[in-house]
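Structure first, then comments.
The values are calculated or read from the model by the stated rules, or taken from the named source; none is laboratory data. Source: prediction; values computed, not measured. Positions of Cβ are generated from backbone atoms using ideal geometry, with glycine treated the same way; all protein chains shown enter the neighbour counts. SASA here: full protein model, heavy atoms, side chains in, ligands and nucleic acids out. Shrake-Rupley method; radii C 1.70, N 1.55, O 1.52, S 1.80 Å.
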Amino acid sequence: MQTITRAWLILLALSAASTAVSFNVTLQLPAQIPLLGGIIILLLAWAKARIIAARYLELAQAPAYLRGFSLVLALFMLTLLGLYVAATPFSG
Amino acid sequence: MTQTQTDQPFDQLPGDLMMWILIVSELLVFGAGLLAFMAVRVTDPAGFALAQDQLHRSAAGINTVVLVTSGYLAARAVGYANAGRIAATRWALLAAGGLGMVFLGIKFTEYAEKAALGIRPETHPFYTFYYLLTGFHAAHVIAGLVIFALLALRPTPRNLQVGAAFWHMVDLVWVLLFPVIYLLR
């Protein structure tokens with residue numbers, strides 16, 4: 001199987017996973033679950049973005065740039081996570 | 001001391017440097033928008049959750065699959081162009097563009113539903129960001145479709161790589177917009 005095809009299939013699986021997590025989060029689950037769901041959703045988004053950068057945009061050919069992109073993206077997602085936690089009533 | 005071409009750091013980047021400058025610029029703009037969205041959400045999480053309940057997560061999830069698949073076809077088009085397979089390149093571009101139109105169809109159906117409910121950008125800060133970010137993204141999808149049409153006319157490997165990179169940027173932005181606007185509770 002070609003690398004790009006494998007990347008596409010992984011992206012489909014990750015997209016399905018994040019939507020599935022979201023639907024679980026909307027149920028009336030214990031207080032800690034919404035926070036956990038948000039963390040998983042942001043983690044999956046980071047993984048999808050990294051795959052698109054590495055395989056679709058071919059940054060895998062330039063490992064130093066891919067590392068830099070992954071790091072900056074991770075810091076961005078952590079900032080989003082911080083804001084998400086700040087807005088989550090059950091975070092305390 | 002002489003310096004060879006490969007010593008230049010930007011030479012390692014695949015594709016055109018100007019396209020990378022555009023990609024980084026666009027990511028910064030959308031990134032700032034998402035940070036602002038999340039920052040405003042802190043002031044009214046319950047209101048944002050209620051507003052978000054009016055969105056169709058399933059439709060947005062389908063749109064993610066549509067766009068990711070379109071990106072895959074665009075990437076395949078680049079491979080076909082590099083192999084000199086012009087007809088296959090055009091078919092892959094046509095399919096990628098077709099999925100781009102499906103994405104827009106679902107998106108504008110969503111907008112029409114919101115309009116029918118009387119939901120406008122000024123209804124709630126959530127919708128201000130929703131319309132601004134997804135609308136700006138949809139404008140990029142339209143631009144991408146125009147680029148696909150131009151690429152189909154002149155499907156050279158270099159044109160394909162640059163044009164597909166723009167589409168992948170659109171893809172990349174969506175996989176960040178989708179979870180933040182539609183999924184985070």
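When you go through B:Gly71, B:Gly163 one by one, which is the residue that is in contact with an Asp or Glu (Cβ under 8 Å, 6 or more places away or on another chain), part of a helix (DSSP H, G or I) and open to solvent by less than 10 Å² (accessible area, probe 1.4 Å)? Spell out how you get there, then give the answer.
Details: B:Gly163 fails: in contact with an Asp or Glu (Cβ under 8 Å, 6 or more places away or on another chain).
The unique qualifying residue is B:Gly71.
Looking only at segment A:61-80, count every residue that is within 9 Å of chain B (Cβ to nearest Cβ) and open to solvent by less than 50 Å² (accessible area, probe 1.4 Å) and tell me the total.
Of the residues in that region, 5 qualify.
Among (1) crowded, with 19+ Cβ neighbours inside 10 Å; (2) more than 14 Å from the chain's Cα centre (by Cα); (3) at the interface with another protein chain (Cβ under 10 Å from one of its Cβ atoms), which single condition is B:Phe126 missing?
Of the numbered conditions (1) crowded, with 19+ Cβ neighbours inside 10 Å; (2) more than 14 Å from the chain's Cα centre (by Cα); (3) at the interface with another protein chain (Cβ under 10 Å from one of its Cβ atoms), the odd one out for B:Phe126 is (3).
Which one of these is under 24 Å from A:Ile41 (Cα atoms), at pLDDT below 95 and hydrophobic (A, V, I, L, M, F, W, C): B:Ala36, B:Ala32, B:Ala46? Explain how you work it out, then say what you get.
On the way: B:Ala36 fails: at pLDDT below 95; B:Ala32 fails: at pLDDT below 95.
Within the list B:Ala36, B:Ala32, B:Ala46, the selection yields B:Ala46.
Scan segment B:44-66 for residues that are hydroxyl-bearing (Ser, Thr, Tyr) and touching a residue at least 60 places away in the same chain (Cβ under 8 Å) and jot them down. Even if it seems obvious, please write down each step before you answer.
Taking segment B:44-66 first, the residues hydroxyl-bearing (Ser, Thr, Tyr) are B:58, B:64.
The one that is hydroxyl-bearing (Ser, Thr, Tyr) and touching a residue at least 60 places away in the same chain (Cβ under 8 Å): B:Thr64.
Evaluate segment A:19-28: report whether one residue or more is more than 10 Å from chain B (Cβ to nearest Cβ) and modelled with pLDDT of 95 or more.
Checked segment A:19-28: no residue is more than 10 Å from chain B (Cβ to nearest Cβ) and modelled with pLDDT of 95 or more.
Please verify whether segment B:115-134 includes one or more residues that are of a type in the set (Phe, Trp, Tyr) and within 25 Å of A:Ala7 (Cα to Cα). Show your work before the answer.
Applying the first criterion (of a type in the set (Phe, Trp, Tyr)) to segment B:115-134 yields B:126-127, B:129-131.
After this cut, where a residue has to be within 25 Å of A:Ala7 (Cα to Cα) as well, the list is none.
Checked against the condition, which is being of a type in the set (Phe, Trp, Tyr) and within 25 Å of A:Ala7 (Cα to Cα), segment B:115-134 yields no hits at all.
Only one residue in B:Arg57, B:Arg90, B:Arg41, B:Arg76 is in contact with a Pro (Cβ under 9 Å, 6 or more places away or on another chain) and within 8 Å of another protein chain (Cβ to nearest Cβ), so which one is that? Show your work before the answer.
Details: B:Arg57 fails: in contact with a Pro (Cβ under 9 Å, 6 or more places away or on another chain); B:Arg90 fails: within 8 Å of another protein chain (Cβ to nearest Cβ); B:Arg76 fails: in contact with a Pro (Cβ under 9 Å, 6 or more places away or on another chain).
Among B:Arg57, B:Arg90, B:Arg41, B:Arg76, only B:Arg41 is in contact with a Pro (Cβ under 9 Å, 6 or more places away or on another chain) and within 8 Å of another protein chain (Cβ to nearest Cβ).
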